[in-house]
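Student: Dropping a structure here in structure tokens format, bear with me for questions.
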Amino acid sequence: MSNKEQLQNEELQQQNANFEAEYIDENVAYVADSKFKSFVKKFMKRRTAVVGFVIIVLLLILAVVGPSIAPYDPAAYNYDNMFAKPSAEHWFGTDHYGRDIFSRVCAGAPLTLGVALSSVIVGTIVGAVLGLLAGYYGGWIEMLVMRGADVLFAFPDILLAIAIVAILGPGIVNVFIAVAVFTVPSIARMMRSATLAVKSSLYVEVAHSLGCKDGRILFLHIFPGTTQTLIVNFTMRIGSAIMAASSLSFLGFGANVTDPEWGAMLSQARSYFSTAPHMLYLPGLVIFITVLAFNLFGDGLRDTLDPKIK
Amino acid sequence: MGRYFVRRLLETIPLMLIISIFVFMFIHLLPGDPAKTLAGVEATVEEVEAIREEWGLNDPLIVQYGNYMKDLLRGDMGRSLKSSTPVTELILSRFQYTIQLVLAGVLWAPALGIFIGVMCAIKRGKAFDLGGMLFAIAGLSAPGFWVGLMLIQVFAVTLGWLPSGGLDSWKSLILPSVVMGLGIMATLARYSRSSMLETLREDYVRTARAKGQKESVVMFSHAFKNSLIQVVTILGLQIGGLLSGSVITETIFSIPGMGRLLVDSIAYRDYPAIQGLLMIFSLQYVLINLLVDLLYGVINPKIRYD
């Protein structure tokens, strides 16, 4: 079977599944269940994605229990043991105040991951609603949303987050806002095109002709059709969010320098790295591994959920 | 074709206008009275009034915007609060460093990225493909500020081969160019791989093989050239993204470019300088994308029928 045929087949199956989900109420649970099972089966075949997923779970556990498993008090100064090299006692050494670096990375996990996750969640919700409305209603709403996204896109990458922090001032709350706003335009754009694609399907037309109200069509008929793309993009954005938030902290616009935020720790390490290079290793490595894990997981999700993109 | 060029050019004008409104509004979006913000915390009432007068902050917003645009089009972006030099002069003195960095990244990264991507596609499913793609996703996930510091640690501090900062010779460009180019290389490797795979599935590739064309010709003339069309669109966004990468790179390597100026200006709350830099950064980005889109029109014959 050629790839095109396979794609067409998959599309047909998708349409059938949609049809069943719409009209065969008793079987909805069953259909959803088997869909999920086949998704898991496909996903498990992608080893790198599974590795990413496992790391994410471990990181989330670290974010919850991190502060309590830290072997030392992450804020305790110890002037007798400054810049200690990695050893059995201090696995990754100590910093310029003699604080244990491993403990600080554990204690910083909820801060770093929390800011990134919450800002992507908020940014995705706002972006998704704007994209849905723009795609569904068109007209001036669409123009407003898309031109707004264009303007935000004109400040490439992290520059937008920097511009927002420049307006709001430094601080971790403002980093949260900046990263949330930084997430909105790409989600809105993606969601608009996903909405346009679903809007033209037959079952939406049927819903229209049955006299369904706009709100019902949007949230019960169109939104579910876009969730796969949304989930993939949401996951992909988390990596960029962690990168953006820690870059801001590194530049000195984010977390307080005394906070164990990973980017802020690197910013501190930079001042001492010719004498104590070990201060660089762990905080940078965990940022790298975290972003990598979300990217691997996102890639796997995309390949599993959206075979067309591959 | 001509119509496409004109339409694409005209589209840029409203976009730049909206950006200029956004940048102009910047000073008004700041919490508190703009005159007080500009004058600083310790300013006396007279000083605040003088600023209000100088900046025309008593005028209606629309008049202020008109004046701002008039000045902007003449190349006047106000004076820096920190050094009282004109912002335009300040940016021009830093411009060359950022451009050098961007060029240093553009020189090697896209070519290497496309090469890796295409090779991965050709050797699909083999060890090279897996290795190449892991390398690409790692490059995409590595935080530039960390990579930069580690490179300095290894090549400047430990081995002493390369300078750790500044921009005095071509040698001092090497490490920054790695930090600048890493992301663009990784992204292009991923895009060109999937673009090449898509092209390899096309009917004309099958036809070329069926008529007994040499595999190298099929790969290069039929598949690779056509797969580039998609890659070029991404290239514009990526080169534009390099501009924001300069902020981090210049900070790590102590290079006095526009990115470093932006960071310093934000730390000093030098609002005219921030406004000017945001305007210039976005202008460059929009122009680069325009250029790439026009290039896209040249290499993609389909667009002529649009």
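Student: Calculate the FRET efficiency for B:S83 and B:L112 from the Cβ-Cβ distance with a Förster distance of 41 Å, rounded to the nearest 0.05.
Tutor: Values: r = 40 Å, r/R0 = 0.97.
The calculated FRET efficiency here is 0.55.
Student: Return, ordered by residue number, the residues of the range A:142-179 whose backbone nitrogen is under 18 Å from a label point located 7 Å along Cα→Cβ of A:H208.
Tutor: Counting backbone N atoms under 18 Å from the label point, the list is A:142.
Student: Name the residue from A:L160, B:F5, A:W91 whose Cα lies farthest towards the positive end of the charge dipole of the protein assembly as shown, charges +1 on Cβ of Lys and Arg and -1 on Cβ of Asp and Glu.
Tutor: Toward the positive end, the furthest listed residue is B:F5.
Student: Still on this model: At most 14 other Cβ atoms within 10 Å plus a DSSP loop assignment makes a site exposed; report the longest stretch of chain A without any exposed chymotrypsin sites (Phe, Trp or Tyr not before Pro).
Tutor: Answer from the scan: A:92-310.
Student: Select from the range B:141-184 those chymotrypsin sites (Phe, Trp or Tyr not before Pro) which occupy a DSSP coil region and have at most 16 other Cβ atoms within 10 Å, ordered by residue number.
Tutor: B:W161, B:W170
Student: Can you list the residues, at least 5 places off or on another chain, whose amide H is less than 5 Å from the amide H of A:G171, using H built in the peptide plane?
Tutor: It is A:G254, by chain and number.
Student: Counting only protein heavy atoms and rolling a 1.4 Å probe, how much accessible area do A and B lose on contact, total for both sides, in Å² to 100?
Tutor: Roughly 4000 Å² of accessible surface disappears when A and B pair.
Student: Please list 3J(HN,Hα) in residue order for the range B:33-39, calculated via the Karplus relation 6.51 cos²θ - 1.76 cosθ + 1.60 where θ = phi - 60°; whole Hz, with x for glycine and proline.
Tutor: Here the 3J(HN,Hα) series is 6, x, 4, 5, 4, 5, 6 Hz.
Student: What shape does the protein assembly as shown have by the C-alpha gyration tensor, where a ≥ b ≥ c are the square roots of the eigenvalues, rounded means a/c under 1.5, and otherwise prolate means a/b greater than b/c and oblate the rest? Write down the numbers at each step before the final one.
Tutor: Working: a/c = 1.43, a/b = 1.23, b/c = 1.16.
Rounded.
Student: Report in % the part of the accessible area of chain B that belongs to carbon and sulfur, leaving out ligands and nucleic acids; probe 1.4 Å.
Tutor: C and S atoms contribute 64 percent here.
Student: OK, next. Just to confirm a number: summing +1 for Lys and Arg and -1 for Asp and Glu over residues other than A:D150 whose beta-carbon lies under 15 angstrom from that of A:D150, what do you get? All intermediate terms of the calculation are to be shown ahead of the outcome.
Tutor: Numbers: positive: A:R147, A:R189, A:R192, B:R8; negative: A:E142, B:E11, B:D293.
Overall, the nearby charge balance is +1.
Student: Right, another one. Among B:F281, B:S216, B:I239, whose Cα lies farthest out toward the positive end of the dipole of the range B:95-305, if unit charges sit on the beta carbon of Lys, Arg (+1) and Asp, Glu (-1)?
Tutor: Most positive-ward Cα: B:S216.
Student: Skipping prolines and chain starts, which residues have an amide H placed within reach, meaning under 5 Å, of the one on B:R79, given they are 5 or more residues away or on another chain?
Tutor: Placed amide hydrogens put B:V87 under 5 Å from B:R79.
Student: Quick one: which residues, 5 or more positions from A:G98 or on another chain, have an amide H under 5 Å from its amide H? H modelled 1.01 Å from N in the peptide plane, none for Pro or chain starts.
Tutor: It is A:N78, A:F83, by chain and number.
Student: Just how far, in whole angstrom, is the range B:260-285 from the range B:174-197 if you go by their alpha carbon centroids?
Tutor: Between the Cα centre of the range B:174-197 and that of the range B:260-285, the gap is 27 Å.
Student: Applying the Karplus parametrisation 6.51 cos²θ - 1.76 cosθ + 1.60 with θ = phi - 60° to the phi angles of the range B:164-175, what ³J(HN,Hα) value in whole Hz is obtained for each residue in order, glycine and proline being reported as x?
Tutor: Computed from phi, the couplings for the range B:164-175 are 8, x, x, 8, 9, 9, 4, 4, 6, 8, 4, 4 Hz.
Student: Could you give the length gained by full extension between A:I231 and A:S87, i.e. 0.36 nm per residue of separation minus their alpha carbon distance, to one decimal place?
Tutor: So the chain would gain 47.6 nm between A:I231 and A:S87.
Student: Here's something else I'd like to know. Hand me the trypsin sites (Lys or Arg not before Pro) from the range B:93-147 located in a DSSP loop with no more than 15 other Cβ atoms within 10 Å, in residue order please. Don't skip to the answer; put the middle values down first.
Tutor: Numbers: sites: B:R94, B:K123, B:R124, B:K126; in loops: B:K123, B:R124, B:K126.
Sparse-neighbourhood loop trypsin sites (Lys or Arg not before Pro): B:K123, B:R124, B:K126.
Student: Among A:L111, A:N78, A:P67, whose Cα projects farthest towards the positive end of the dipole of the range A:67-118, with charges put on the beta-carbon of Lys, Arg (+1) and Asp, Glu (-1)?
Tutor: Projecting each Cα onto the dipole axis, the largest value belongs to A:L111.
Student: Please give the charge dipole size of the range A:167-302, origin at the Cα centre, charges +1 on K and R Cβ atoms and -1 on D and E Cβ atoms. Round to the nearest 20 debye.
Tutor: Charge dipole, the range A:167-302, about its Cα centre: 340 debye, nearest 20.
Student: Here's another thing I want to ask about it. What's the center-to-center distance, using Cα atoms, between the range A:226-304 and the range B:51-98 in Å?
Tutor: Measuring centre to centre over Cα atoms gives 36 Å.
Student: Using a ≥ b ≥ c from the Cα gyration tensor of chain B (square roots of the eigenvalues), is it rounded, prolate or oblate, where a/c under 1.5 gives rounded and otherwise the larger of a/b and b/c decides, a/b for prolate?
Tutor: Oblate is the answer for chain B, as a/c is 1.5 or above yet b/c matches or exceeds a/b.
Student: In terms of the Cα gyration tensor, with a ≥ b ≥ c the square roots of its eigenvalues, is the range B:16-93 rounded because a/c is under 1.5, prolate because a/b exceeds b/c, or oblate?
Tutor: oblate
Student: Pairs of alpha-carbon atoms within less than 8 angstrom and 6+ residues apart define the contacts here; what relative contact order does the range B:57-189 have, in percent?
Tutor: 31 percent
Student: When the dipole is taken about the Cα centre of the protein assembly as shown, and only Lys, Arg (+1) and Asp, Glu (-1) are charged at their Cβ, what size is it in debye, to the nearest 20?
Tutor: About 2400 debye.
Student: Residues of the range A:67-91 with backbone nitrogen within less than 16 Å of a virtual label 7 Å along the Cα-to-Cβ line of A:Y97, please, listed as ranges.
Tutor: Those under the cut-off are A:72-84.
Student: Could you give the dipole magnitude of the range B:95-305 about its Cα centre, charging the beta-carbon of Lys and Arg +1 and that of Asp and Glu -1, in debye to the nearest 20? Write down the numbers at each step before the final one.
Tutor: Values: 16 positive and 10 negative charges, 192 e Å.
The dipole magnitude comes to about 920 debye.
Student: Kindly write out, for the range B:234-245 in residue order, the coupling ³J(HN,Hα) from the Karplus curve 6.51 cos²θ - 1.76 cosθ + 1.60 (θ = phi - 60°), rounded to whole Hz, with x marking Gly and Pro.
Tutor: Result, ordered by residue: 5, 4, x, 4, 5, 5, x, x, 4, 4, 6, x Hz.
The values are calculated or read from the model by the stated rules, or taken from the named source; none is laboratory data. Just so it is clear, the model here is predicted, and its values are computed rather than measured. Neighbour counts run over all protein chains shown; Cβ positions are idealised from the backbone, glycine included. Heavy atoms of the whole protein, side chains included, go into the accessibility calculation; ligands, DNA and RNA do not. Shrake-Rupley method; radii C 1.70, N 1.55, O 1.52, S 1.80 Å.
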